[in-house]
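What follows is one structure encoded as structure tokens, with my remarks underneath.
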Amino acid sequence: MLVSASTLVDQLIAQPGLYVVLVYDPACSPRPFRPLYFGESDNISSRASGTHENHSAWRREAGTNTTLYRALCPLPGWSKTQRQQMESALIAKYNPPCNQKLSFDFSRLLATR
């Protein structure tokens, strides 16, 4: 049975994982793309789209005539908590302008028993 490449890609990106919305910025290094928003989802393809509740914030930050890019990282087998931990770590490191808060409360990890 032959499966088209687009079907394989659709299956790959319709998985749980992380995504980032980016804008071209030549001042960024080592790659000329600046992260605007990090997210996690059970279906990364459907969340990193124009229907996302923060799409207008991405557009505002990037500029109306600027292309938005997305990078998707499928993480099959990762739990929601694991994805939220990684998402929060990326938000803390890069401080993207369109993320309002961390999705994972790191104080739970640091709490004494």
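A few comments on the model shown:
- Answer from Leu18, Leu36 - the residue that is at pLDDT 95 or above and touching a Lys or Arg at 6+ places or on another chain (Cβ under 8 Å): Leu18
- Test: residue in segment 49-66 that is more than 17 Å from Pro96 (Cβ to Cβ), of a type in the set (S, T, N, Q) and modelled with pLDDT of 90 or more: no
- If you go through segment 25-75 and keep only what is among the small types (Gly, Ala, Ser) and exposed (fewer than 13 other Cβ atoms within 10 Å of the Cβ), you end up with Ala27, Ser29, Ser46, Ser49, Gly50, Ser56, Gly63.
- Filter result for Asp42 (closer than 16 Å to Ile13 by Cα and modelled with pLDDT of 90 or more): yes
The values are calculated or read from the model by the stated rules, or taken from the named source; none is laboratory data. The structure displayed is predicted, hence computed values, not measured ones. With ideal geometry, Cβ positions are generated from the backbone for all residues, glycine too; neighbour counts draw on all protein chains shown.
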